[in-house]
Structures are given as C-alpha cells and as structure tokens.
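Since the structure comes first, as structure tokens, the remarks are kept for the end.
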Amino acid sequence: MKITQDKVVSIEYVLKVAGQIEDQSEAGDPLVYLHGHNNIIPGLENALEGHDVGDKINVTVLPEDGYGERDQENLQILPREDFDDDVEINASYFAQSDDGSVNPFTVLAVNGNEVTVDFNPPLAGQTLDFEATILDVRDATAEELDHGHPHGEGMHDDEDEE
Ligand code: ZN
C-alpha cells in the first residue's frame, strides 16, 4: 500500500543536522503519523508521498519546509519573578498563553530581573537531513481521521480524549 492522503504510516528515521545525529526513532518504536494532516514537517511528509512499505528515502529539508527560519521577534524578555528560584541557562520551559496553548521556550540569559528567552523551535533555521525507512502503511480509521492523528498501542483510548 502506497503512502497517500489519510494513510497511517510507520517509519524509522534518522535526522542529521550538519552531519551529526540530532534525533532518531528508537529500535522497535517507529514514528507513526497520519499522512496529510500536518503531523510531521512538510518537507518529510512530501518526500514520503507515494512511497511503499520497505522503501528507504533520503531527503534534505530546508528550513522553510522544516521548522521555519529563526525569527528575532521570538526572542523575548520575561520578568525574573515569573520563574522558580533556579533558572537554568539553555533549559527548556513552557509558557501558557491566554488562549490556553502551551509554548516551549529556551532560556538564553539571566540579567538581574530580566530573563532572555527564545520561543524559536530548537531546529528553526536548520537544514535537516532525514533518512527514513517505511515500515507500515494502512488505512486510517474514521476516529483517527476525526482526531487528525493515529491511534496505536499506548495512545489514548476511545472517547476520553480528543
Ligand atoms: Zn485521538
């Protein structure tokens, strides 16, 4: 079965940035996503389109099809009092905005009462080299299409969560 819109796809992958492994799926624990629903970055999703089980692909994804360019406006200064006693440089935290969405950021610097933080995704501005092997392709269930993501072992059950 080929990868097309609304298929549930399992892949093993290695992600390299500048020749260094940045991320990879664990053995026996593939990445499972719903094709055509923005579950994964566009550059990788487009490269997988039309491939079949057993295919192995290599694709270089530019920032515009990956995590976007770095945006200086995503650097912000937050008051020190918003943080716990220990603020760690380079540590990741989460900010909850007024609409309830949760946004991760990284602490860049602490100066007196000011904490400089970066809301850019860690891989923003990076060119990504993916090597992916397609392990499984299947039709999505009606519920998976409704939710916009695949349901597998360990995912939420039935109706208790969207
Ligand atoms: Zn769901």
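The values are calculated or read from the model by the stated rules, or taken from the named source; none is laboratory data. Predicted, not measured: the structure shown is a model, and the values here were computed from it. Cβ coordinates were reconstructed from backbone atoms using ideal geometry, including for glycine residues, and neighbour counts include every protein chain displayed. Protein only, heavy atoms only, side chains kept; ligands, DNA and RNA dropped before computing areas. Shrake-Rupley method; radii C 1.70, N 1.55, O 1.52, S 1.80 Å.
Residue 151: at pLDDT 90 or above, within 16 Å of the ligand (Cβ to nearest atom) and under 30 Å from residue 14 (Cβ atoms), yes or no? The answer is yes for residue 151.
I'd like to know if segment 76-85 contains one or more residues that are farther than 16 Å from residue 114 by Cβ and in contact (Cβ under 8 Å) with a residue 12 or more places away in the chain. Within segment 76-85, none of the residues are farther than 16 Å from residue 114 by Cβ and in contact (Cβ under 8 Å) with a residue 12 or more places away in the chain.
Take the conditions outside any loop (DSSP other than H, G, I, E, B), open to solvent by 90 Å² or more (accessible area, probe 1.4 Å) and not aliphatic (A, V, I, L, M) and apply them to residue 38. Does it pass?
Numbers: outside any loop (DSSP other than H, G, I, E, B): no; open to solvent by 90 Å² or more (accessible area, probe 1.4 Å): yes; not aliphatic (A, V, I, L, M): yes.
Criteria not met by residue 38.
Can you pull out the strands (runs of 3 or more DSSP E) entirely within segment 72-160 that have at least 1 residues that are open to solvent by 50 Å² or more (accessible area, probe 1.4 Å) and closer than 19 Å to residue 38 by Cα? Don't jump to the end; show me each part of the working.
Details: elements: 75-79, 92-96, 102-111, 114-118, 128-139.
In segment 72-160, the matching strands (runs of 3 or more DSSP E) lie at 102-111, 128-139.
Of all the residues in segment 58-71, those that are in a strand (DSSP E or B) and surrounded by 14 or more Cβ atoms within 10 Å (Cβ to Cβ) number 2. Looking across segment 112-148, the residues that are out of contact with any Lys or Arg (no Cβ under 9 Å at 6 or more places or on another chain) and within 16 Å of the ligand (Cβ to nearest atom) come down to 141, 142, 143, 144, 145, 146, 147, 148.
For the structure I just gave you, tell me whether residue 20 is open to solvent by 60 Å² or more (accessible area, probe 1.4 Å), of a type outside the set (Gly, Ala, Ser) and at pLDDT below 95.
On the way: open to solvent by 60 Å² or more (accessible area, probe 1.4 Å): yes; of a type outside the set (Gly, Ala, Ser): yes; at pLDDT below 95: no.
No; evaluated as a whole, the condition is false for this residue.
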